[in-house]
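The values are calculated or read from the model by the stated rules, or taken from the named source; none is laboratory data. The model shown is predicted, which means the values in this text are computed figures rather than measured ones. All Cβ positions, even for glycine, are placed from backbone atoms using ideal geometry, and neighbour counts span all protein chains on display. To get the accessible areas, we keep the full protein, side chains included, count just its heavy atoms, and leave off ligands, DNA and RNA. Shrake-Rupley method; radii C 1.70, N 1.55, O 1.52, S 1.80 Å.
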Amino acid sequence: ICVGHYTAIDAHPTCGLATSTSIIGELDDPRTFSYPERFRAGILWISYGSITYNLPNRLSAGQTLTELQISFEISSECPEVNEDYPSDIYFDINGVPLGKWISPGDYGARKGILSPVWWPELLNQYGLLKTLIINSEGTFIDGTKISKTTLQDLQLDYNSTINLTFSVPKDTANCGGMTLFGEDFGDYNQNIKVKAYYTDV
């Protein structure tokens, strides 16, 4: 899922998004998130708010979901860069809270491996590759449990809409924003990846 293929967004400055060739619209203008160019975005960032993606549901009748794995490159969002800038990033599916992960910082001491040559050095350069895992044991980030929410709590089947939301509330303890990187930016050549494991009944 490309980072610009969100279905809902609540963006607050500092914020913006860019394709591999240019920044979309003006920096720190939430209106730019509605521009059609956003479907080609390879990076986006907000200081607080939320971003929702509709995950594809490819289950067939008779198949039962056993685990969801969602991987993405992510970091905090600080004006310019700050590698010690914690941010509380929360996750939910269909409004059911999955827990939070604290991003350590906004990374810019070096150029992102994939970041375009023209990308300004004072903007976020790369993030950390994280994997959100939801199964019958709970919810995890890279194997570390972040909540007791299980797949069963989500009540997903082959007919379900699956909406994943990333959020940084304005009133959280570490309101350090969020940056999501696609395949054209950062250190990892990937967009948001979703793996669904299932059994056949």
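A few points about this structure:
- Candidate set from segment 76-106 (those that are among the small types (Gly, Ala, Ser) and farther than 13 Å from ASN174 by Cα); member that is most open to solvent (accessible area, probe 1.4 Å): GLY95
- Only one of the listed residues (LEU128, LEU122, LEU114) is modelled with pLDDT under 95 and either at positive phi or open to solvent by 10 Å² or more (accessible area, probe 1.4 Å) (or both). That residue is LEU122.
- The set of residues in segment 14-27 being in a loop (DSSP other than H, G, I, E, B) and surrounded by 15 or more Cβ atoms within 10 Å (Cβ to Cβ) consists of THR14, CYS15, THR19, SER20, ILE24, GLY25, LEU27.
- From the options ASP171, ASP142, residue that is without any contact (Cβ under 8 Å) to a residue 24 or more places away in the chain, under 19 Å from LYS193 (Cβ atoms) and open to solvent by 70 Å² or more (accessible area, probe 1.4 Å): ASP142
- Pairs where the first residue, in segment 65-76, is closer than 13 Å to ASP187 by Cβ and the second is crowded, with 23+ Cβ neighbours inside 10 Å and of a type in the set (Asp, Glu), C-beta under 8 Å, 6+ apart: SER75/ASP106
- Test for ILE74: is it assigned to a strand (DSSP E or B), within 26 Å of GLY143 (Cα to Cα) and in contact with a Gly (Cβ under 8 Å, 6 or more places away or on another chain): yes
- Restricting attention to segment 145-156, the residues that are surrounded by fewer than 12 Cβ atoms within 10 Å (Cβ to Cβ) and of a type in the set (Asp, Glu) total 0.
- Residues of segment 174-191 that are buried (at least 22 other Cβ atoms within 10 Å of the Cβ) and polar (S, T, N, Q): THR179 alone.
Residues checked against (1) under 21 Å from ILE43 (Cβ atoms); (2) in a strand (DSSP E or B); (3) free of Cβ contacts under 8 Å to residues at least 24 places away in the same chain:
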| site | (1), (2), (3) |
| --- | --- |
| LYS100 | no, yes, no |
| ILE113 | yes, no, no |
| LEU123 | yes, no, no |
| ILE146 | no, yes, no |
| TYR158 | no, no, no |
| ASN163 | no, yes, no |
| GLY176 | yes, no, no |
| TYR197 | no, yes, no |
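- GLY4 satisfies every condition listed in (1) out of contact with any helix residue (DSSP H, G or I) (no Cβ under 7 Å at 6 or more places or on another chain); (2) surrounded by 21 or more Cβ atoms within 10 Å (Cβ to Cβ) except (1).
- Pairs meeting the criteria (first residue in segment 34-60 and free of Cβ contacts under 8 Å to residues at least 60 places away in the same chain, second residue in a helix (DSSP H, G or I) and open to solvent by less than 70 Å² (accessible area, probe 1.4 Å), beta carbons under 9 Å, at least 6 apart or on different chains) are ARG38/THR32.
- Positions within segment 62-71 being open to solvent by 10 Å² or more (accessible area, probe 1.4 Å), at pLDDT 95 or above and either among the β-branched types (Val, Ile, Thr) or not in a strand (DSSP E or B) (or both), in sequence order: THR64, THR66
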